[in-house]
Amino acid sequence: MRLTCWYTQQCVDQLNDLRVRLFTRGVEIDPQEVALINAKFLRLNPELALVLDIDGLSLSANGMKMQPDWNAEIGRLKRATLKTEMLARATQANDQPRLIDATAGLGHDSLLMAKFGAKVTLIERHPILFTLLEASYERAQIDPFLASVVANITLVFADAEDYLEQQYAKQQKIDVVYLDPMFPQRDQNQQRPKKQAQVKKQMQILHLLLPEDGEMDLGDALLLQAQKIAKRVIVKRPRHAVFLNNDTPQHQWLGDACRFDGYFCMNSTE
Ligand SMILES: C[S@@+](CC[C@H](N)C(=O)[O-])C[C@H]1O[C@@H](n2cnc3c(N)ncnc32)[C@H](O)[C@@H]1O
């Protein structure tokens, strides 16, 4: 995989580090120095590219740039309670479980579970997305509030199917596996509540990076793997989506736009 990386002069040192990291993950970058990366520049260069500037590492496309913006989550994290956060209730995150988030994405769900005390291993297989996550993780480590949250997070660059298989082979018992695989965009039209503009923007760019439709891996195999090693498996789905792997859950937590499906092994309860 090859991608242009627009960068500003003050980021040359980070550029070299980025080039090495991505190369080890199978991505070559084509660095292009730019005096000022602003909205006009992004509009004039709409193709998918990396951006390295004063805001850190981002992905740009169609005149916008985005990054897993963990700082923007601080308000929600501070306000979050078990009552307001269905995800925390479903994963029992306040019991400080050993939890694998097998489909990291932008890492927002992991942050929330880690804030409640879960020890989260975040797995992401896409090299660019993983590198963006790593950059967010490093920025979070120097934020007075986020530092204590990300102390509960470990990032792993891997295909979760392989990773879960390895845990099984090592007879590791995990408290919770959390799955939020991609769901085809065309099937999400039924979601009634309007998404925030910021979330929409992030998802649009994410969908350019990740395979869609026919090629899309819907994550059915992950459920089977997860059930072999975890006491509790929680799957996030759009509210009206079919069950993952057509497997009926034992319990559901229903929200306006999404739901959480729970699968428990015998000695666990909802
Ligand atoms: C819908 S996003 C997850 C969003 C995430 N819950 C969040 O809070 O941002 C799905 C992510 O799972 C990743 N993914 C899907 N299957 C995977 C697998 N087998 N191994 C690792 N990552 C996977 C995709 O690359 C994508 O980034």
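The values are calculated or read from the model by the stated rules, or taken from the named source; none is laboratory data. All figures in this text were calculated on a predicted structure; none of them were measured in a lab. Note that each Cβ is placed from the backbone with ideal geometry, even for glycine, and that neighbours are counted across all protein chains shown. Surface areas here come from the heavy atoms of the whole protein model, side chains and all, with no ligands, DNA or RNA. Shrake-Rupley method; radii C 1.70, N 1.55, O 1.52, S 1.80 Å.
Carbon and sulfur: what percent of the range 70-186's accessible surface (1.4 Å probe)? Provide the component values of the computation, followed by the final result.
Values: 2370 of 4940 Å².
That fraction is 48 percent.
Starting from the Kirkwood Rh over alpha-carbon pairs, what translational D in µm² s⁻¹ does the range 10-114 have by Stokes-Einstein at 10 °C and 1.306 mPa s? Write out the running numbers ahead of the final one.
Working: Rh = 16.5 Å.
Result for D is 96 µm²/s.
All other residues whose Cβ lies under 9 angstrom from that of I29 are scored, Lys and Arg at +1 and Asp and Glu at -1, for a net of 0.
Per residue, the range 71-264 exposes an accessible area of 47 Å² to a 1.4 Å probe, with every protein chain left in place.
Electrostatic bookkeeping for D159 treats Lys and Arg as +1 and Asp and Glu as -1; over the other residues with beta carbon under 10 Å from its beta carbon, the sum is -4. Reported to the nearest whole Å, the Cα centre-to-centre distance from the range 38-52 to the range 60-125 is 28.
From most to least packed by mean Cβ count within 10 Å, the peptides 16-28, 101-113 give 101-113, 16-28.
Counting only Cβ charges, +1 for Lys and Arg and -1 for Asp and Glu, the dipole size of the range 71-264 around its Cα centre is about 960 debye. Taking every DSSP bridge with both residues inside the range 2-66, close to 45 percent are antiparallel.
Only beta bridges with both residues in the chain are counted; by DSSP, about 40 percent of them are antiparallel.
Put a dot 7 Å past the Cα of F243, heading toward its Cβ, do the same for Q9, and the two dots end up 6.2 nm apart.
Give me the number: length gained by fully extending A257 to A39, i.e. 0.36 nm times residue separation minus the C-alpha to C-alpha distance, one decimal in nm. Write down the numbers at each step before the final one.
Working: separation 218, 0.36 × 218 = 78.48 nm, distance 3.13 nm.
Roughly 75.3 nm would be gained on extension.
Hull volume per residue, based on the alpha-carbon atoms of the range 71-264 and their convex hull, is 117 Å³.
Per residue, the range 2-66 exposes an accessible area of 53 Å² to a 1.4 Å probe, with every protein chain left in place. Only one residue of A158, P238, L209 has its Cα farthest out toward the positive end of the dipole of the chain, where Lys and Arg carry +1 and Asp and Glu -1 on Cβ, and that residue is P238.
With coordinates expressed along the principal axes, the C-alpha atoms belonging to the range 2-66 extend over 32, 22, 17 Å, beginning with the largest.
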